[in-house]
1. Could you check segment A:338-411 for strands (runs of 3 or more DSSP E) lying wholly inside it with 2 or more residues that are of a type in the set (Ser, Thr, Tyr)?
2. Any idea how many residues of segment B:93-133 are within 13 Å of B:Met68 (Cβ to Cβ) and either in contact with a strand residue (DSSP E or B) (Cβ under 8 Å, 6 or more places away or on another chain) or at pLDDT 85 or above (or both)?
3. Going through segment B:91-106 one residue at a time, which ones are touching a Phe, Trp or Tyr at 6+ places or on another chain (Cβ under 9 Å) and over 16 Å from B:Leu141 (Cβ atoms)?
4. Show the residue pairs meeting these rules: Cβ distance below 6 Å; 6+ apart or different chains; first residue within segment A:334-355 and at positive phi; second residue charged (D, E, K, R) and surrounded by 10 or more Cβ atoms within 10 Å (Cβ to Cβ).
5. List every residue pair whose Cβ atoms lie under 6 Å apart, where the two residues are 6 or more positions apart in sequence or sit on different chains, the first residue falls within segment A:306-331 and is within 14 Å of chain B (Cβ to nearest Cβ) and in a helix (DSSP H, G or I), and the second residue, located anywhere, is of a type in the set (A, V, I, L, M) and buried (at least 17 other Cβ atoms within 10 Å of the Cβ).
6. A:Thr635: among the β-branched types (Val, Ile, Thr) and within 12 Å of chain B (Cβ to nearest Cβ), yes or no?
7. Go through (1) over 18 Å from B:Glu109 (Cα atoms); (2) among the hydrophobic types (A, V, I, L, M, F, W, C); (3) away from chain A (no Cβ under 14 Å) and name the single condition B:Leu19 misses.
Amino acid sequence: MSSQFNLEPMLELFCYETSQCLSELEQLILNYEKAASYNDQTIDEIFRVMHNIKSSAAMMLFNHISTLAHNMEDLFFFIREQDPEIIDYAALSDLVLEAADFIKLEIEKIKNEDEADGNNSLLISNIQDFLAYLQKNNLIPDLPAARPRSTSPEQYYISRDRGSILSELNVFKAKLFFEDGCEMENIRAYALVHHLKELAEVFKYFPADIMENDDSAMIIKDQGFELWFQSEHENRVIQDFFDNTAFVRDLDLILIKNPEELMQLEKEIEVEVVTSPDSLALSPEEILIPNTSCGQMALSSGKQSIISVNVDKLDQLMDLVGEMVIAEAMVIQNPDLKELELDNFKKAALQLRKITSEVQDVVMSIRMVPLTISLQKMNRIVRDMARKLNKEVVLEIIGAETEVDKNIIEHISDPLMHLVRNAIDHGIEDPQARKEKGKSLPAKVIIEAKSAGNDVLIMVKDNGRGLEKEKILKRARDNGLLSKPETEMSEREIFNLIFAPGFSTEAQVTEYSGRGVGMDVVTKNIEKLGGTVLIDSIPDEGTIITLKIPLTLAIISGMNVKVGSSFYTIPITSIRESFRPVAKEIIHDPEGYGMVMVRGECYPIIRLHEKFQVQTQVTDFTEGIIMMAENGEKTYGIFVDELLGEQQVVVKALPNYIRKIKGLAGCTLLGDGCISLILDIAGLSDDI
Amino acid sequence: MEETLAWLEEEDTQKGKFLTFSLGSEFYGIEIKYVTEIIGIQPITEVPELPDYVKGIINLRGKIIPVMDVRLRFKKPPQDYNDRTCIIIIDVKETDIGLIVDSVSEVLEIPEEEIVSPPEVNKNQNRYIKAIGKVGEDVKLILDCFKLLNDEEIEALEDIQ
């Protein structure tokens, strides 16, 4: 599985968090680019994201990432503090996105265990140039060198809910130096404080503004880093903690026993608590600092509500839950308990039943992920391409909340990207051409996702020039891709030619298209998922490409039916109705095939027991049930013995050894552990 | 380094060991490295359009596994399943499959020098037998699991589909 990195947990976390930060950043930029200006909040957000990346990259010793982020941070610091009036927002967005791309690439390298060796010097100099340009144009004295905050008062993070620190706990004072040349002392100190919080309650450290002020690194270097904390742990445990922290050179750990000293310390802290609101009121600029740091903390703790889990583990969990349900049925319906009056047992069993079914539901829903992230990524592609090709395009996303299985998400990003690129490159006309045709500007690309029964439909629509049949045919002729006479080809068949490998109507190979691989990739990937690609196009009105992807491994609602001793599940969305027919509705044709009249229309019937060669007592139509199933244009009846009821089922693929069987979409486990085969309504109808 | 050693050791402990089972009067052996587990006979769900020796699929702790009746595979007369009937779950090249056999006997160690190639009687007759192991007076037919699962018949079936 591709998501399985064999990384150390720290590194994995770093990659995960940084990727999160980057996508957040990208989203921010794209959202506000439309508004053509950043509000204060956005600038703060970007600043915060860059800061996070910088700190964690520095901690993981990825210096080129951290220096880049650092430069970016400087830039936004300037923008935030000085609020320059003249900003070229487009250039700024480009710059940020470029930096984000660079970091993304590096993260990819790290994930693949390659050397993360990208060269950031060009980017950095670009950023610095931009900053210099801003400074010049906004006529403000050189800033980053003289940060006003270095003079801000000491600040302490104190948990206010603690009444007193004078408790049974041990109070320590520690002073330490970091090894020479380890750089970013302030960040390391922050990390240390952060980790120490797991063991102890840290109530003061000096210098206190380690996160806000980079100059504090110098202070730590020269004077060491001092901290006061209390902990229920012994001296030894604390000592161990420091010994195991990287780059700590000299450590002076003192257990404070002297009551006077404690009093002094407490007083000091109390004073700080009392005075801090006053000092905050002094200047608005200083208020900003605690605010951001608070926000930062709240946000980072908020993020921890999401963890990434290996999909394998989820599969395992789902299998186990299935097993549990079976075991439960075995206990409750145990033959030994038959004919016993067990009121209390029954009550308890009912309770168990309820809980297991809830567990089952939750486990099933865990695997489902909304398409949001995959679809949001397209925003970036549309933006970049529209700029490069000088076209005016907006992207509209509908139904991003549609949930699909995790496995599917991984496989649709690429095809989607190709489709969107294709739509913009080939479909959408130049603004000039659009104006001449009297079409609206900007052009629109719509990605719409929705679930339709067994499938998820993802449609990429554009209102561009549409597919030109003649051009496609000509190209196919030239490349020898035609497999049958042109006159016999339906419109769809002609359109489908664009998915042939090596097909491209573009004479020239551009950055985005022309090599004739893109659309081929789309079909390949979608077919791998067992899906199909459909094209509809109207000249000058646009093209709609529909990806129809089955929900393999997803949950469907199905109707369980019984034929003989076998169970089958019919996807509920393809069922139109079900009824027990009366003799006069049934018609037999000369070959003996049955048909049924429903409201004046005649439909064929498939006898499931004949189709699947199952022994059953019920062979007369009037004794069983006819389920009317529909698939696209075709509607037909399926003759079964009896209905068992509706159930949410997990679609499992049939084992590889058995391969694909016509008429079966997979199988599922019923509550009692029996296997039920899921019917493929489209496949079954092929014989009619 | 250590891992490799451990792995080699494990390979080593499995080498030369065979799970033996009976079909009628004959005894067969499967290399132990293929065997995942042995379970009693289970309710089997029939699946249409399969060769007769593939009886269907079973649910093994949430995993769907196809089962093959080895009797039918060897064109022996079918026999009703009883409480001695076992399903041996084997894993051959990532494919899990259950083999229905009359009964499972034991795990035997057969030294390499006691294993001989099957006689070349007829090309088609011995195709599932990889070798013959001699244990005292008895003879165990050692199965070629790979051929058991994949041969021309299955391929032919695929072609039809």
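The values are calculated or read from the model by the stated rules, or taken from the named source; none is laboratory data. All values derive from a computational prediction rather than experimental measurement. Here the Cβ is made from the backbone with ideal geometry for all residues, glycine too, and neighbour counts use every protein chain on show.
1. Result: empty, no element qualifies.
2. So the count comes out to 7.
3. Answer for segment B:91-106, where residues must be touching a Phe, Trp or Tyr at 6+ places or on another chain (Cβ under 9 Å) and over 16 Å from B:Leu141 (Cβ atoms): B:Asp91, B:Val92, B:Lys93, B:Thr95, B:Asp96, B:Ile97, B:Ile100.
4. Once the first residue is at positive phi and sits in segment A:334-355, no partner that is charged (D, E, K, R) and surrounded by 10 or more Cβ atoms within 10 Å (Cβ to Cβ) comes close enough.
5. Pairs that qualify, where the first residue is within 14 Å of chain B (Cβ to nearest Cβ) and in a helix (DSSP H, G or I) and the partner is of a type in the set (A, V, I, L, M) and buried (at least 17 other Cβ atoms within 10 Å of the Cβ), are A:Leu317/A:Val363; A:Met318/A:Val363; A:Val321/A:Val363; A:Gly322/A:Leu669.
6. no
7. Failing condition for B:Leu19: (1).
Listed here are the residues, each with its yes/no results for (1) out of contact with any Ser or Thr (no Cβ under 8 Å at 6 or more places or on another chain); (2) without any contact (Cβ under 8 Å) to a residue 24 or more places away in the chain; (3) surrounded by fewer than 20 Cβ atoms within 10 Å (Cβ to Cβ).
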{"residue": "A:Thr18", "(1), (2), (3)": "no, no, no"}
{"residue": "A:Glu26", "(1), (2), (3)": "yes, no, no"}
{"residue": "A:Ile29", "(1), (2), (3)": "no, no, no"}
{"residue": "A:Tyr38", "(1), (2), (3)": "yes, no, no"}
{"residue": "A:Met50", "(1), (2), (3)": "yes, no, no"}
{"residue": "A:Asn63", "(1), (2), (3)": "yes, no, yes"}
{"residue": "A:Ala100", "(1), (2), (3)": "yes, no, no"}
{"residue": "A:Ile107", "(1), (2), (3)": "no, no, no"}
{"residue": "A:Ile110", "(1), (2), (3)": "yes, no, no"}
